[in-house]
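J.: Below is one structure. I have some questions about it.
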Amino acid sequence: MSLKSVKVATKAYGDQKPGTSGLRKAVKVFQQENYTENFVQAILTALGECLKGSKLIVGGDGRFYVREAVDLIIKIAAANGVSKLWVGQDGILSTPALSALIRQHGATGGIVLTASHNPGGPDHDFGIKFNIANGGPAPDAVTTNIFNISKSLREYSIVPDLAADISKIGTQTFTVDGRSFTVEVIDPVEDYLRLMKEIFDFPAIKQLLSGAQTGSPFKVLVNSMNGVTGPYVDRIFVVELGAPADNTVNTVPLEDFGGLHPDPNLTYAAELVDALRRGDYDFGAAFDGDGDRNMILGRKAFFVTPTDSLAVLADNLDCIPYFRRTGVKGFARSMPTGAAVDRVAVAKNKELFVVPTGWKFFGNLMDAGRISLCGEESFGTGSDHIREKDGVWAALAWLSIVQHLGKPVDQILRDHWAKYGRNFFTRYDYEGCAVEPCDRMMSELEALVTAPGFVGRQLTAGGKSYTVRLGDNFQYRDPIDCSVTTKQGLRVLFEDGSCLVFRLSGTGSSGATVRLYVDSYEADPATHGEDAQVSAAAKPRQHRAFSLSPELAWETQCLVICSIQSTV
Ligand code: G1P
Ligand code: ZN
């Protein structure tokens, strides 16, 4: 059947500015008249000369509104001269799998439908993110272009009568305005599984799990939190690695994540934490809605902070076949992430990069062959096998290390701290704040930490004294393309490597979220047994007060300043 595109008049929305990780808003915002259509058109228009004949990967985390959005993308892509779309069956693709597919097919880019770890459902969040040809999130120049186009959009093109069936694997070809347009519906897991098998030694991990290696099975519990990783986890852990089927839970992707907040941390993945505390599991892992975040636990729910996870992986990468082939290049972390990996980089004589928050800043370094591994404190870990963080990859990397070292997770951490010292890292989030007072707080704080005389000041906490080495608003100059990104968060660095960071979230769907990050370094082995989340030096006094006052942000300001001046 020959189909025709039509142009639909629309009015521009002024709020389609992508944040840290794409455009993320309440579902109801995306459901406004032409809202999703406008943004999809803006993404495609931003492709410029690459648009005609382009090939894109499309999929999402299975949350509410993914199916509607996939349908619109197919119709709008067809009208804009895109030649081919690969679409995950039923619209399902994890963010890392989508990144891998872009690279594997040499696609022009991809459209990721997710609000990551934010809850899903008609009253919750949705998101649209554009990834470029290297498989990673679009850099600032691209997202700024998309935003600018969205602000002056007057019409979009669509093929209203194009009906593609995304429930069946296979290829469907249409003729649109005399051109050929193909939709290939693919198994979401197949290609990703093949990639994981190239990276890791599956038979060795299988032996670890079955007990063939040590004489007793190594019991894992993997919780997909009703997000997109379920099908991946069932296939990899149960079918390929032979774990008992009840060792994977919440593996059916649900539109509302079964009411869960699919963020793998100690608060929202409490189900996993409790199960590990109660049961006799050796290893636990949880992933977020779209599968790029991970949390790793050892026996008795021993918590591996993302900061430590990155450092331990960096220290042991060469036990993974992929890195033996490619060689271990440098490492990178986002600025607020604890500095544990920095010491590994020094010991191994590798380059170490500190970039702003958001995975998009790692892409250039990977493309240029400067880093193999990178991570963020927000439960993101990944390598240059793709250009997104990768939850399932992180769990497999950890199992590879356990298998290789022949030690349980907690012992690996203790040995690591004994060798390198320990970073006690804590992040405090103050959500749902009013925007304007938070902005004021940040500017006053900036004036304070950049004032003459701030450097060199002695601050004490928990009987320990810290000398300020640097106070600034973090700015990053990309070493590859020389682009400069400013105002990425206020830093107070201390001489011993401890650090305080204040920044405003770029992923919230409404209002402002203030994040306070505290990283305190302890070389003294006597302190290493303390709880991962709280060290005496790290606990900021203002924690409680933040959520008490209606004039929240001003209270925050006073207390934060007071904490810098006297208690930290
Ligand atoms: C948060 C995390 C950041 C991560 C991003 C996307 O961004 O802090 O590390 O890259 O989500 O998953 P933020 O809300 O802090 O801007
Ligand atoms: Zn995510």
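The values are calculated or read from the model by the stated rules, or taken from the named source; none is laboratory data. This one's a predicted model, so the numbers in the text were calculated from it and none came from an experiment. Cβ: placed from backbone, ideal geometry, glycine included. Neighbour counts: every protein chain shown. Just so you know, the surface numbers come from the protein's heavy atoms only, side chains and all, with ligands and any DNA or RNA stripped out. Shrake-Rupley method; radii C 1.70, N 1.55, O 1.52, S 1.80 Å.
J.: Can you say whether Gly298 is in contact with a strand residue (DSSP E or B) (Cβ under 9 Å, 6 or more places away or on another chain) and small (Gly, Ala, Ser), as far as the supplied structure shows? Don't jump to the end; show me each part of the working.
T.: Details: in contact with a strand residue (DSSP E or B) (Cβ under 9 Å, 6 or more places away or on another chain): yes; small (Gly, Ala, Ser): yes.
Yes: the conditions hold for Gly298.
J.: Also, quick follow-up: Let me confirm something: among Ser216, Ser167, Ser180, which residue is of a type in the set (Ser, Thr, Tyr), farther than 20 Å from Leu113 by Cβ and in a loop (DSSP other than H, G, I, E, B)?
T.: Numbers: Ser167 fails: farther than 20 Å from Leu113 by Cβ; Ser180 fails: in a loop (DSSP other than H, G, I, E, B).
Exactly one of Ser216, Ser167, Ser180 is of a type in the set (Ser, Thr, Tyr), farther than 20 Å from Leu113 by Cβ and in a loop (DSSP other than H, G, I, E, B), namely Ser216.
J.: Could you list all residues from the stretch 379-392 that are buried (at least 24 other Cβ atoms within 10 Å of the Cβ) and part of a loop (DSSP other than H, G, I, E, B)? Break it down stepwise before answering.
T.: Kept after step one, since they are buried (at least 24 other Cβ atoms within 10 Å of the Cβ), are these residues of the stretch 379-392: 379-383, 386-392.
If the condition is that a residue be buried (at least 24 other Cβ atoms within 10 Å of the Cβ) and part of a loop (DSSP other than H, G, I, E, B), then Phe379, Ile386, Arg387, Glu388, Lys389, Asp390 are the ones that fit.
J.: Can you name the helices (runs of 4 or more DSSP H) wholly within the stretch 315-378 that have at least 3 residues being among the aliphatic types (A, V, I, L, M) and either touching a strand residue (DSSP E or B) at 6+ places or on another chain (Cβ under 7 Å) or without any contact (Cβ under 8 Å) to a residue 60 or more places away in the chain (or both)? Even if it seems obvious, please write down each step before you answer.
T.: Working: elements: 321-326, 340-348, 363-367.
It comes to 340-348.
J.: What's the number of the only condition in (1) of a type in the set (Val, Ile, Thr); (2) under 30 Å from Val341 (Cβ atoms); (3) open to solvent by 10 Å² or more (accessible area, probe 1.4 Å) that Val249 fails to meet?
T.: (2)
J.: Of all the residues that make up the stretch 470-514, how many are surrounded by fewer than 16 Cβ atoms within 10 Å (Cβ to Cβ) and more than 20 Å from Met442 (Cα to Cα)?
T.: Selection size over the stretch 470-514: 8.
J.: Return a yes/no flag: does the stretch 448-458 have any residue that is closer than 27 Å to Trp359 by Cβ and touching a residue at least 12 places away in the same chain (Cβ under 8 Å). Don't jump to the end; show me each part of the working.
T.: Within the stretch 448-458, the first condition is being closer than 27 Å to Trp359 by Cβ, and the residues that meet it are 449.
Okay, now just the ones that are also touching a residue at least 12 places away in the same chain (Cβ under 8 Å), so 449.
Scanning the stretch 448-458 turns up at least one residue that is closer than 27 Å to Trp359 by Cβ and touching a residue at least 12 places away in the same chain (Cβ under 8 Å).
J.: May I pose another question? What pairs come out if I take residues in the stretch 65-94 that are closer than 12 Å to Glu184 by Cα and pair them with residues that are part of a helix (DSSP H, G or I) and open to solvent by 10 Å² or more (accessible area, probe 1.4 Å) whose C-beta lies under 7 Å away, six or more apart or interchain?
T.: Trp86/His105; Gly91/Arg67
J.: Out of the stretch 1-49, which residues are of a type in the set (S, T, N, Q), in contact (Cβ under 8 Å) with a residue 24 or more places away in the chain and more than 16 Å from ligand 1 (Cβ to nearest atom)?
T.: Correct list: Ser2, Ser5, Thr10, Gln16, Gln31, Asn34, Thr36, Asn38, Gln41, Thr45.
J.: Could you please find all residues in the stretch 91-129 being within 16 Å of ligand 2 (Cβ to nearest atom) and in a loop (DSSP other than H, G, I, E, B)?
T.: Kept after step one, since they are within 16 Å of ligand 2 (Cβ to nearest atom), are these residues of the stretch 91-129: 92-100, 110-120, 124-129.
Matches in the stretch 91-129: Leu93, Ser94, Thr114, Ala115, Ser116, His117, Asn118, Pro119, Gly120, His124.
J.: Inside the stretch 315-330, can you point out the residues that are crowded, with 19+ Cβ neighbours inside 10 Å and either within 16 Å of ligand 1 (Cβ to nearest atom) or acidic (Asp, Glu) (or both)?
T.: If the condition is that a residue be crowded, with 19+ Cβ neighbours inside 10 Å and either within 16 Å of ligand 1 (Cβ to nearest atom) or acidic (Asp, Glu) (or both), then Asp315 is the only one that fits.
J.: If you check Gly127, Gly88, Gly106, Gly121, which single one turns out to be open to solvent by 20 Å² or more (accessible area, probe 1.4 Å), at pLDDT 95 or above and either within 15 Å of ligand 1 (Cβ to nearest atom) or not polar (S, T, N, Q) (or both)? Steps first, please.
T.: On the way: Gly127 fails: open to solvent by 20 Å² or more (accessible area, probe 1.4 Å); Gly88 fails: open to solvent by 20 Å² or more (accessible area, probe 1.4 Å); Gly121 fails: open to solvent by 20 Å² or more (accessible area, probe 1.4 Å).
Answer to the selection: Gly106.
J.: Can you tell me which residue is nearest to ligand 2 (Cβ to nearest atom) among those in the stretch 365-384 that are under 13 Å from Phe331 (Cα atoms) and of a type in the set (S, T, N, Q)?
T.: Thr381
J.: Taking the stretch 186-203 as the search range and keeping residues that are part of a helix (DSSP H, G or I), among the hydrophobic types (A, V, I, L, M, F, W, C) and out of contact with any His (no Cβ under 8 Å at 6 or more places or on another chain), which one is surrounded by the most Cβ atoms within 10 Å (Cβ to Cβ)? Walk me through it before giving the result.
T.: Of the stretch 186-203, the ones part of a helix (DSSP H, G or I) are 190-199, 202-203.
Next, from what is left, pick out any that are among the hydrophobic types (A, V, I, L, M, F, W, C): 193, 195-196, 199, 202.
Subsequent filtering for residues that are out of contact with any His (no Cβ under 8 Å at 6 or more places or on another chain) retains 193, 196, 202.
Working: Leu193: 19, Met196: 24, Phe202: 19.
Taking the candidates together, the pick is Met196.
J.: If we only count strands (runs of 3 or more DSSP E) wholly inside the stretch 1-66, which ones have 3 or more residues that are more than 28 Å from Phe361 (Cβ to Cβ) and at pLDDT 95 or above?
T.: Numbers: elements: 6-9, 23-26, 55-60.
Hits in the stretch 1-66: 6-9.
J.: Which is in contact with a Cys (Cβ under 7 Å, 6 or more places away or on another chain) and not small (Gly, Ala, Ser), of Ile401, Ile412?
T.: On the way: Ile412 fails: in contact with a Cys (Cβ under 7 Å, 6 or more places away or on another chain).
Unique residue meeting the criteria: Ile401.
J.: Among the candidates Ser150, Ser224, Ser180, Ser210, which residue alone is surrounded by fewer than 18 Cβ atoms within 10 Å (Cβ to Cβ) and either touching a Gly at 6+ places or on another chain (Cβ under 9 Å) or of a type in the set (A, V, I, L, M, F, W, C) (or both)? Break it down into steps so the answer makes sense when it comes.
T.: Values: Ser150 fails: surrounded by fewer than 18 Cβ atoms within 10 Å (Cβ to Cβ); Ser224 fails: surrounded by fewer than 18 Cβ atoms within 10 Å (Cβ to Cβ); Ser180 fails: either touching a Gly at 6+ places or on another chain (Cβ under 9 Å) or of a type in the set (A, V, I, L, M, F, W, C) (or both).
Just one listed residue meets the conditions, Ser210.
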